[in-house]
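The values are calculated or read from the model by the stated rules, or taken from the named source; none is laboratory data. All figures in this text were calculated on a predicted structure; none of them were measured in a lab. Here Cβ is always computed from backbone atoms with ideal geometry, including for glycine, and neighbour counts include all displayed protein chains.
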Amino acid sequence: MLPCKLPSAIPFDGNSKTPRALSTNEVKDMVEKFRKAVQRAVQAGVDAIEINGAHGNLIHQFHSPLTNKRDDVYGKDLTRFGREVLQAAKSEMPSGMPLIMRISAQEYVEGGYGIKESIEMAKQYQQVGVDIFHISSGGEGQISASGRPGTHAAYQVPLARDIKQALGVPVIAVGRLDDPILANAVIGNEDADLVAVGRGMLRNLKLH
């Protein structure tokens, strides 16, 4: 089996194989794959496009100084890959269709980035066309939340609020917001504009 290809040759953990770093041309090919995926989604009739740049996914790995040790243009500018993906997505989207981007706003690990860096990153993504930011945190492997902030209800809402206030842009808050009273309070207090509920919906599905 061929090794997987990531921004840098850094294994997931001590028990994992070392991946092969993507070449510069392969990174550009990845951008094209994102473009084609958005093209197919638009043709299928979706109402919005969301690009996932959180939780150790490829865009997040390019964001993070822990997993992006490249010496090419994609290493010198940690948001370049994300910006190119977003620009490619916009090129396929009808005018007026919302472009959403999910980011991990804080990595909770030594050497990783925090909310200050995320705000600057989000500003660059806003400039290339992101309409709404979906705010989560943490990651996987080298960018996992080893310094966990806790898992109390609404623990990630302050991150969403900080980005909303800094950019003046709509945000989606997540993180144990399945209580409808709490979710309503997050919206009512203008900490976020939308609330996303994942695990709560899955639990409800299993009950039925």
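Data for the structure
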{"quantity": "The range 17-32 - residue that is surrounded by 13 or more Cβ atoms within 10 Å (Cβ to Cβ) and among the basic types (Lys, Arg) and, of those, farthest from Val85 (Cα to Cα)", "calculated": "Arg20"}
{"quantity": "Filtered residues of the range 66-87 (kept if assigned to a helix (DSSP H, G or I) and among the polar types (S, T, N, Q))", "calculated": "Gln87"}
{"quantity": "Members of the range 47-74 found to be free of Cβ contacts under 8 Å to residues at least 40 places away in the same chain and surrounded by fewer than 20 Cβ atoms within 10 Å (Cβ to Cβ), listed by number", "calculated": "Asn57, Asp71"}
{"quantity": "Leading residue by the ranking (nearest to Gly175 (Cα to Cα)) among those in the range 97-110 that are in a loop (DSSP other than H, G, I, E, B) and at pLDDT 95 or above", "calculated": "Ala105"}
{"quantity": "Search result, residues across the range 176-197 that are surrounded by fewer than 13 Cβ atoms within 10 Å (Cβ to Cβ) and under 17 Å from Leu159 (Cβ atoms)", "calculated": "Asn189, Glu190"}
{"quantity": "Single unsatisfied condition, Lys17 versus (1) among the basic types (Lys, Arg); (2) farther than 22 Å from Ile119 by Cβ; (3) modelled with pLDDT of 95 or more", "calculated": "(3)"}
